[in-house]
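Engineer: Dropping the structure in here first, questions after.
Read-outs throughout are calculated quantities, based only on the coordinates presented, and are distinct from any laboratory measurement. All figures in this text were calculated on a predicted structure; none of them were measured in a lab. Virtual Cβ from ideal backbone geometry, glycine too; neighbours counted across all protein chains shown.
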Ligand SMILES: Cc1cc2nc3c(=O)[nH]c(=O)nc-3n(C[C@H](O)[C@H](O)[C@H](O)COP(=O)(O)OP(=O)(O)OC[C@H]3O[C@@H](n4cnc5c(N)ncnc54)[C@H](O)[C@@H]3O)c2cc1C
């Protein structure tokens, strides 16, 4: 399929990109890796009047530790996050998650900022951002992850707002992310993440609702001394996932419990 006609401009700074977005108006879209936006445009599910390409903005892909936090530039590709020694040292869970996103082509082009801004319920990084209380930084403000993922494909980003970085806490204790999928490069049917930090557990779930989910009931049960198997039974508390071609709601809830147990047990 061929996308509808659109204008195109390449920005060399965040300021220029914001100016271009303002000039083009509400129908313009940021173009990062293009691996979610272009397929939607080809299917004509998205018909932006203009694309503002941010791939030429120097430094927007920076990965660094600063002030005890891990700063990942919005334009950091999945492959860079996976290969980054800083990420491996400071938040190895994130490096593991990056290795699980799509296939090689997607990992070479797709960006963390794109996944976060797109807010697909099956996106992997949003789960990690939510469960670890990460911050989403834009050209205008800093938004806590818990206030960012409002609904499926819905965030508080304004039309002229660009995600510049995602700031994670440092956590290099036991961790695991497990994605259940039919083929290695598929999106998660359901995903579960476990991270030990600050003496407790953080548990997150992918694709069990319109937004990522933090499984606080599991965290609390673990805190009270429950075994992984007992605690994981709470992973489906309050969930109301919608069914799709790959899994019924009941099966997704079952997966949430099973994968949570495995993630905690395999966290090492
Ligand atoms: C076959 C396939 C399998 C995939 N599997 C997975 C998977 O398993 N897990 C997973 O998480 N993802 C998966 N993806 C998605 C992939 O990770 C995309 O790269 C990602 O969703 C979007 O990132 P992008 O850089 O390509 O963004 P783009 O496609 O360029 O943009 C996506 C949306 O975000 C907006 N946007 C992009 N960057 C910014 C920014 N900095 N500020 C504001 N808005 C911005 C765009 O305007 C657009 O609306 C898959 C994609 C495909 C095609």
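Engineer: Which of rounded, prolate or oblate describes the chain when judged by the alpha-carbon gyration tensor and an a/c cut-off of 1.5?
Structural biologist: On the way: a/c = 2.04, a/b = 1.52, b/c = 1.35.
It comes out prolate by the Cα gyration axes.
Engineer: Evaluate the distance, in nm, between pseudo-label points positioned 7 Å from the Cα of residue 5 and of residue 226 along their respective Cα→Cβ axes.
Structural biologist: The answer from the label model is 5.9 nm.
Engineer: By count of other Cβ within 10 Å, fewest leading, how are 178, 162 ordered?
Structural biologist: On the way: 178 21, 162 25.
Neighbour counts put them in this order, fewest first: 178, 162.
Engineer: Taking other Cβ within 10 Å of each residue's Cβ, how do 154, 211, 111 sort, fewest first?
Structural biologist: Final ranking by Cβ density, sparse to dense: 154, 211, 111.
Engineer: Tell me the angle of helix 14-24 to the major Cα principal axis of the chain, expressed in degrees between 0 and 90 and rounded to the nearest ten.
Structural biologist: With rounding to tens, the tilt is 70 degrees.
Engineer: How would region 151-268 be classified by its alpha-carbon gyration tensor: rounded, prolate or oblate, with rounded meaning a/c under 1.5 and the a/b versus b/c comparison settling the rest?
Structural biologist: Oblate shape, in that a/c is at least 1.5 and b/c is the bigger or equal ratio.
Engineer: Let me ask something else. Pull up the DSSP beta bridges for region 1-157 and report the antiparallel fraction as a percent, rounded to 5.
Structural biologist: Details: 9 of 17 bridges.
Given both bridge residues lie in region 1-157, the antiparallel proportion sits at roughly 55 percent.
Engineer: Another question about this same structure. For a quick check, take a GNM of the chain with Cα springs below 10 Å and name the residue from 37, 184, 245 with the largest mean-square fluctuation.
Structural biologist: Looking only at 37, 184, 245, the biggest GNM fluctuation is shown by 245.
Engineer: Looking at the square roots a ≥ b ≥ c of the eigenvalues of the Cα gyration tensor of region 63-169, which shape do they give, rounded for a/c under 1.5, prolate if a/b is larger than b/c, or oblate? Numbers along the way, then the final one.
Structural biologist: Details: a/c = 1.60, a/b = 1.22, b/c = 1.31.
Oblate shape, in that a/c is at least 1.5 and b/c is the bigger or equal ratio.
Engineer: Report the label-to-label distance for residue 154 and residue 198 in nanometres (one decimal), using points 7 Å from each Cα along the Cα→Cβ vector.
Structural biologist: Each label point is offset 7 Å from its Cα along the Cβ direction, giving 2.9 nm.
Engineer: What is the distance, in nm, between label points placed 7 Å from the Cα along the Cα-to-Cβ direction at residue 184 and at residue 141?
Structural biologist: A separation of 4.3 nm, rounded to one decimal place.
Engineer: Helix 249-266 versus the longest principal axis of the chain: what angle, 0 to 90°, nearest 10, using Cα atoms?
Structural biologist: 70 degrees
Engineer: Follow-up question, since we're still on this one. Quote to one decimal, in nm, the extra length available between residue 89 and residue 133 on full extension: 0.36 nm per residue of separation minus the C-alpha distance between them.
Structural biologist: Details: separation 44, 0.36 × 44 = 15.84 nm, distance 1.89 nm.
Working it through step by step, the gained length comes to 14.0 nm.
Engineer: Now, a different point. Considering only C-alpha atoms, what is the centroid distance from region 136-177 to region 68-132, in Å?
Structural biologist: Between the Cα centre of region 136-177 and that of region 68-132, the gap is 12 Å.
Engineer: Determine how many Å³ per residue the convex hull of the Cα atoms of region 7-53 encloses.
Structural biologist: Working: hull volume 2.9 nm³, N = 47.
Enclosed volume per residue, from the Cα hull, is 61 Å³.
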